[in-house]
Amino acid sequence: MKKILVLSLLILGMQTVHASTIPMPNSVIYDNTTSPYSDYFDGSVRPVKSGEAQCTSYFKLVSTGKCGIKDAMDDGGITRINSIDFVSKSILFYHKAKIVVYGE
């Protein structure tokens, strides 16, 4: 019983320690969500293009990728932003975070 409690506290602690500017999911076992990255929205820009930037984390110990807004803009050839979404998918200790930028 004591081992289960220690393991549970360790997992919960790992969920809160990750230092990132991207919002991380709250689920420990499974997460698959899409949400607005920020309140930024420019209605004068049409969302005719989209670009993505992705990062991956393993065990919250090793992270790889480029997941910045500028990276997503470059991927989609976007110069003006309409809106930004954050897509998160995690299964146990694997986490994938993606920024999707819409614009022209």
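Below are the figures for this structure:
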read-out	value
Contacts under 6 angstrom Cβ, first residue in the range 80-95 being within 18 Å of V62 (Cβ to Cβ), partner assigned to a strand (DSSP E or B), 6 or more apart	S88/D31; S88/T33; S88/A97; K89/N32; K89/K96; S90/D31; I91/Y30; H95/S57
Strands (runs of 3 or more DSSP E) within the range 17-66 that include 1 or more residues surrounded by 11 or more Cβ atoms within 10 Å (Cβ to Cβ), modelled with pLDDT of 85 or more and of a type in the set (F, W, Y)	49-58
Subset tally (residues that are within 17 Å of Y40 (Cβ to Cβ), acidic (D, E) and not in a loop (DSSP other than H, G, I, E, B)) for the range 72-104	1
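The values are calculated or read from the model by the stated rules, or taken from the named source; none is laboratory data. These figures come from a predicted structure and were not determined experimentally. As a convention, Cβ positions derive from the backbone with ideal geometry for all residues, glycine included, and neighbour counts pool all protein chains shown.
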